[in-house]
């Protein structure tokens with residue numbers, strides 16, 4: 001019996017010693033998906049994931065500053081720029097999913113009609129207040145769209161902006177702001193808010209999320225396995241459930 005116990009302890013330590021600690025930097029845009037899938041990966045692989053969530057723009061600053069990490073997930077544009085700069089391994093580039101932009105309101109509030117471009121424009125003009133994340137990937141496409149619709153000056157007094165989509169959700173949930181603009185994947189997980197709907201098809205924009213391994217990753221092989229796991233066919237339904245599409 002003593003030998004069996006000692007053998008079991010030795011096996012436990014051997015397994016622990018072989019487990020990798022994978023450090024991940026991840027954009028908030030795919031947070032809901034990753035938070036659900038990571039525990040499955042840890043269980044299957046025995047590896048441990050240390051993950052931090054921030055807007056892609058903030059993650060890029062950390063990558064550029066030379067911070068140590070194994071995997072980063074950001075908007076596709078920023079991933080490609082960092083690959084060109086030599087910070088990320090080009091052959092590890094893995095497209096995860098994309099999310100369309102949507103409009104949120106406080107739970108229980110009357111939903112405006114945004115089914116058509118004209119209805120969407122009217123809803124924006126009728127709103128008392130509007131918010132979107134200045135650090136988020138939805139800011140630029142929304143600002144471009146507003147300019148194309150010719151309502152930039154009309155909406156400017158209505159803006160009550162927040163740095164991140166999480167803070168946008170909090171402002172809408174509290175009733176501080178009437179309408180919130182964010183990727184659908186960052187609206188659905190927020191308590192106290194409801195999705196009015198996606199932007200009309202003719203003016204819809206998508207925020208794409210892509211992952212890659214650091215050129216100086218300590219756990220490069222394990223990082224690649226993580227990215228492969230995140231896009232495995234068996235996990236694709238999770239993306240759809242969280243408001244994203246492949």
Subject >> Unmet criterion (only one of (1) surrounded by fewer than 18 Cβ atoms within 10 Å (Cβ to Cβ); (2) more than 16 Å from residue 219 (Cβ to Cβ); (3) touching a strand residue (DSSP E or B) at 6+ places or on another chain (Cβ under 9 Å)) for residue 81 >> reply: (3)
**OP:** Scan segment 23-74 residue by residue and report those that are assigned to a strand (DSSP E or B) and more than 9 Å from the chain's Cα centre (by Cα).
**Re:** 23, 24, 25, 48, 49, 50, 51, 52, 71, 72
**OP:** List the number of the failed condition for residue 140; all other conditions in (1) more than 16 Å from residue 56 (Cα to Cα); (2) free of Cβ contacts under 8 Å to residues at least 60 places away in the same chain; (3) in the same structural domain as residue 111 (by TED's automatic domain parsing); (4) not in a loop (DSSP other than H, G, I, E, B) hold.
**Re:** (1)
Original post:
Looking at residue 156, is it over 26 Å from the mean Cα position of the chain (by Cα), farther than 25 Å from residue 240 by Cα and surrounded by 19 or more Cβ atoms within 10 Å (Cβ to Cβ)?
Top reply: no
Original post:
If you take the residues of segment 143-155 that are in contact with a helix residue (DSSP H, G or I) (Cβ under 9 Å, 6 or more places away or on another chain) and part of a helix (DSSP H, G or I), which of them is nearest to residue 28 (Cα to Cα)?
Top reply: 143
**OP:** Could you grab me the full set of residues in segment 170-197 that are part of a strand (DSSP E or B) and crowded, with 18+ Cβ neighbours inside 10 Å?
**Re:** 179, 180, 181, 182, 183, 193, 194, 196
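The values are calculated or read from the model by the stated rules, or taken from the named source; none is laboratory data. Here the structure is a predicted model, which is why all the values come from computation and not from measurement. Here Cβ is always computed from backbone atoms with ideal geometry, including for glycine, and neighbour counts include all displayed protein chains.
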